[in-house]
Amino acid sequence: DHTNHKLEGAFRYNMDSGLSFDIIDQYNDREEVNDNGISGLLYSLKDNLFSIMTTYEPSEKFKFRFDYSNYMLDYDEAFNNYRDRTDNTFAFYAFYKIKPKTSVFAEYEFADISFDNDGSLDSEENRYYAGVDWQMTAKTLGLVKAGWIEKDFEDPSIEDNDLFSLEMQIQHKFASNKALSLTGYRKFNETTITTASHFETTGIRAGYQHRFN
């Protein structure tokens, strides 16, 4: 038996000049299932994600966005302390509207990943993407982006790695109270076992939402 806690808050401020600011914070006190394939233990952890997003729309055609996020991960069990870390990520987006409901964009992200107790796992990631964001129908929204991730470890004994990355998001409303979402991705993840520096994940998630009234 276990009890989880989640605290989330968001604030937005829009200016007449086309500039807007979003501040979001999410704190979790939760458990996760051990994913090493050996045991099904629950590991207790706390994590916090703080984000600031600045968006500027100088015209109907162009939109620019700058993001900063700070992610903190802290495990309760002493044997999991090697996984405690802090991520600082900066991202820049440039959107260009080619049609009233379709935009193409370029994205660059820089992530500094710092482990609290094992500095050999510290790394930096440079992520480059290009994609399309469009409203396919009156009820369907889609986003597809593809790019390249370069992961460089500070420890010269750990081999650096590159990865072709992909993200896909589709949202469809069957009616005002029914919606389906699909998300696909391919990305790097930080290590969950002591014998690996990191791992790659390819997956797809599906969600269904129904409002009863």
Need pairs with beta-carbon distance below 8 Å; first residue touching a residue at least 24 places away in the same chain (Cβ under 8 Å) and within the stretch 91-116, second among the basic types (Lys, Arg) and not in a strand (DSSP E or B); sequence gap 6+ or separate chains. Tyr96/Lys61; Lys97/Lys61; Phe115/Arg83
Within the set of pairs 6+ apart or on separate chains, which have a first residue in the stretch 55-79 that is under 29 Å from Glu190 (Cβ atoms) and of a type outside the set (Lys, Arg), a second that is assigned to a helix (DSSP H, G or I) and at pLDDT below 95, and C-beta atoms under 6 Å apart? Tyr75/Arg83
Would you call Ala130 within 23 Å of Ser181 (Cβ to Cβ) and open to solvent by 50 Å² or more (accessible area, probe 1.4 Å)? yes
Looking at the stretch 123-144 only, could you name the residues that are under 22 Å from Phe90 (Cα atoms), modelled with pLDDT under 95 and charged (D, E, K, R)? Asp133
Give the residue, chosen from Asn80, Asn28, that is open to solvent by less than 30 Å² (accessible area, probe 1.4 Å) and not in a strand (DSSP E or B). Asn80
All but one of (1) part of a strand (DSSP E or B); (2) open to solvent by 60 Å² or more (accessible area, probe 1.4 Å) hold for Tyr71; state the number of the condition that does not hold. (2)
So Leu45 fits all but one of (1) in a strand (DSSP E or B); (2) modelled with pLDDT under 95; (3) over 19 Å from Gly131 (Cβ atoms); (4) open to solvent by 50 Å² or more (accessible area, probe 1.4 Å); what number is the exception? (4)
Has the stretch 53-66 got any residue that is under 28 Å from Ala196 (Cα atoms), open to solvent by 70 Å² or more (accessible area, probe 1.4 Å) and at pLDDT 90 or above? no
Cβ-Cβ distance below 9 Å, separation of 6 or more or different chains: which pairs start in the stretch 5-18 with a residue that is open to solvent by 100 Å² or more (accessible area, probe 1.4 Å) and end on one that is among the aromatic types (Phe, Trp, Tyr)? His5/Tyr27; Lys6/Tyr27; Leu7/Tyr27; Glu8/Tyr27; Phe11/Phe21; Arg12/Phe21; Tyr13/Phe21
If we only count strands (runs of 3 or more DSSP E) wholly inside the stretch 93-186, which ones have 1 or more residues that are of a type in the set (Lys, Arg), in contact with a Ser or Thr (Cβ under 9 Å, 6 or more places away or on another chain) and under 26 Å from Met72 (Cβ atoms)? 123-137, 140-153
Can you tell me which residues in the stretch 174-198 are open to solvent by less than 70 Å² (accessible area, probe 1.4 Å) and without any contact (Cβ under 8 Å) to a residue 60 or more places away in the chain? Ala175, Asn177, Ala179, Leu180, Ser181, Leu182, Thr183, Gly184, Tyr185, Asn189, Ala196
The residue that is farthest from Arg83 (Cα to Cα), considering only those in the stretch 5-32 that are of a type in the set (A, V, I, L, M, F, W, C) and in contact with a strand residue (DSSP E or B) (Cβ under 6 Å, 6 or more places away or on another chain), is Leu19
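The values are calculated or read from the model by the stated rules, or taken from the named source; none is laboratory data. Not measured: the values here are computed from a predicted model. Here Cβ is always computed from backbone atoms with ideal geometry, including for glycine, and neighbour counts include all displayed protein chains. All accessible areas refer to the heavy atoms of the entire protein, side chains included, with ligands and DNA or RNA removed. Shrake-Rupley method; radii C 1.70, N 1.55, O 1.52, S 1.80 Å.
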